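Structure, as C-alpha cells:
The values are calculated or read from the model by the stated rules, or taken from the named source; none is laboratory data. Please read these numbers as outputs of a predicted model, since none were measured by experiment. With ideal geometry, Cβ positions are generated from the backbone for all residues, glycine too; neighbour counts draw on all protein chains shown.
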Amino acid sequence: MFLEINSENPDDRLIQQVVQKLQKGGIIIYPTDTVYALGCNLMDKRAIEKLAKLKGLKPKKANFSLMCYDLSTLSDYTKYIDRPTYKILNKNLPGPFTFILNASSKIPKLFDSNKKTVGIRIPDNEIVRKIVERLGNPLVTTSIHDDDEIIEYTTDPYAINENWEGKVDIIIDGGYGRNEPSTVVDCSDDDIEIVRQGIGELLY
C-alpha cells in the first residue's frame, strides 16, 4: 500500500491506518529527517525477525535503532543518562542524529540478544513522530540503504515504491528524503565520540 501523508500536517486517519498495520506485525517504509527507513513495532518479535530478513541479517546480529517520540521514553530502554549527556541529547533532538546509549535490561529481551548498547533516534519529522506517539512505543528502525550506498531509490518515494512494493506492508510518501544519513554519536562511554559524520552538526 502506498500512502501519501502531508509532512507538515499529517492526516490522523492515515496515521491511525499505519499504526493499526504496525500493531498487526506489519513492516513500513517511512520518511525521516534524513533518508527513508524501514520500521516495525518494537513489541512484536516476529516483525523484528521479518525486518532482519528483509535486510539479510540475523535478528541477534542486526544493529537496529529505536525510533522514539521524545526523550521521556528513554529511561525504559536505556541505563541512567548522566546530566552532561542528557544536555547534549536535549540540544540536538529532535534532529538527524543516532545516539548510541547503554541499553537497559529490556533491550536484550526484546531483541533476543546480548546487546549492551542501543541506537536512539528522535527525528525532526512529524509523520514518524506521530506514528510512534500513537503506537505508544518506539519503532525498530533501519535505513533502507546499504551503509555506503545512498542513491535515488532511497530518497524518491515513487522509486522506493517501485523497488519495495510487495515486500513491505505500507510505503509512506512524505516527500523527497535527504541523501545523507544521520550523524552517529557514541555516548556509551565517558568520552562522547562521533562515529559517523552525517547531516547533523552536533551542538555541545
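Structure notes:
- Residues that are polar (S, T, N, Q) and either farther than 22 Å from Y86 by Cα or in contact with a strand residue (DSSP E or B) (Cβ under 8 Å, 6 or more places away or on another chain) (or both), drawn from region 113-147: S113, N114, T117, N137, T141, T142, S143
- Condition check for I170 on (1) surrounded by 15 or more Cβ atoms within 10 Å (Cβ to Cβ); (2) over 28 Å from D11 (Cβ atoms); (3) touching a Lys or Arg at 6+ places or on another chain (Cβ under 6 Å): one failure, at (2).
- Condition check for V195: modelled with pLDDT of 95 or more and either buried (at least 21 other Cβ atoms within 10 Å of the Cβ) or charged (D, E, K, R) (or both): no
- Subset tally (residues that are polar (S, T, N, Q) and over 21 Å from D124 (Cβ atoms)) for region 163-204: 2
- Candidates in region 173-192 are the residues that are within 18 Å of the chain's Cα centre (by Cα) and under 19 Å from I88 (Cα atoms); of these, the one that is surrounded by the fewest Cβ atoms within 10 Å (Cβ to Cβ) is D186.
- Screening region 10-43 for residues that are part of a loop (DSSP other than H, G, I, E, B) and free of Cβ contacts under 8 Å to residues at least 40 places away in the same chain and picking the one that is nearest to K53 (Cα to Cα) gives G25.
- Restricting attention to region 71-127, the residues being surrounded by fewer than 16 Cβ atoms within 10 Å (Cβ to Cβ), aromatic (F, W, Y) and in contact with a helix residue (DSSP H, G or I) (Cβ under 9 Å, 6 or more places away or on another chain) number 1.
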